[in-house]
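First up is the structure itself, then whatever we jot down about it.
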Amino acid sequence: MGRVSYDYTGETVVVTGGSSGIGREIAVRFGDAGATVINGDVRERPKDRGEERPTREAIREAGGQAEFVETDVSDPSAIRTLVASAGEYGGVDVMVNNAGWFLESSLRDVSPEEFDRITSINAGGVFFGCQAAADDMIERGEPGAIVNTASISSTHAQKNQIPYDATKGAVRMITRGAALELADHDVRVNAVAPGHIATEFGSGAEKKKEAVAAGEVAKPVPIERAGTPEDVAGAVLFLASEDASYVTGELLYVDGGWQVY
Ligand code: NAD
């Protein structure tokens, strides 16, 4: 099968949650494709097992250009600071609102504090990321692309995940609403919906791989393996690219077919 390569030379890409897992791979792939990448994360050190090098170093060692801005996406003013940092490189061309937090807890056990926290990170982080990027793109009069990390949880409920599922459902609707509002400004807004991806998120990479292989997930995964950050990153680079110039408001599942049943 063919391989696609992208050219993002001269473009500035902001990725939230780019220190680990899916966001890290997205950042590295954009860096390889020639973009200047700005990673906004609460921590610079990767969570990934066996991975010590921060994303910024990995991209620079490969010959690319990258920055790190310590950012908590639950704080809208921190997101503004992150997006403003792209000004040094001409402004943000692609915004990837990827940072997320997971909570496994039943309806009866979730505290108001936990509910507020997950809402402000998963839904607020994406909403204010779209807002800050849109302001930057519109004020400069430049086209742009926004890609949000949603989830299979955006459309499918799973036990003991109501706050997570609700916030990922919100990501889907923020994506659709922003796509409507920004189309006139030449800004496209799409989302990827990963399934079971082997990262340290939630139960961790190894447990996810074992659970998928043993069929111990709510439904079987037709492509019988856990996904990888690489699987998701390719979809993000496509949605941000000119090849997707007539695609907006879309939720692209990257889930090995999990949602098809
Ligand atoms: P990960 O834990 O490997 O990486 C998440 C990154 O986000 C970390 O570097 C973390 O420090 C950062 N982060 C967390 N809270 C933050 C905050 N408040 N502000 C800024 N950065 C913050 O997880 P991942 O699997 O790469 O997840 C990335 C995204 O993919 C999340 O939005 C998650 O909901 C989504 N997702 C993951 C899976 C999966 O199976 N791994 C499935 C569906 C969706």
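Only the coordinates and a few stated rules stand behind these numbers; no lab work does. The model shown is predicted, which means the values in this text are computed figures rather than measured ones. Neighbour counts run over all protein chains shown; Cβ positions are idealised from the backbone, glycine included.
Once the Cα-Cα distance is subtracted from the 0.36 nm per residue extended length, the Asn160 to Val260 segment shows a gain of 33.8 nm. In the chain, taking the dipole from charged Cβ atoms about the Cα centre, the farthest positive-side position among Ser241, Pro220, Val92 is held by Pro220. Computed over the chain with a Gaussian network model linking Cα atoms closer than 10 Å, the most mobile of Ser77, Ser106, Ser120 is Ser106. For Glu67, the residues 5 or more places off, or on other chains, whose built amide H falls under 5 Å of its own are Val37, Ile38, Asn39. Helix 229-240 and the long axis of the chain differ in direction by around 40°, with both axes built from C-alpha atoms. With the cut-off at 1.5 for a/c, could you classify the chain from its C-alpha gyration tensor as rounded, prolate or oblate? The shape class here is rounded.
The helix-only estimate of mean residue ellipticity at 222 nm for the chain, built from DSSP H runs of length n ≥ 4 each weighted as -39500 (n - 2.57), is -11000 deg cm²/dmol after division by the residue total. Ordering 109-116, 187-194 by mean Cβ neighbour count within 10 Å, with the highest value first, yields 187-194, 109-116.
Quick one: angle between helix 162-182 and the longest Cα principal axis of the chain, in degrees between 0 and 90, rounded to 10, please. Here the helix axis deviates by roughly 30 degrees.
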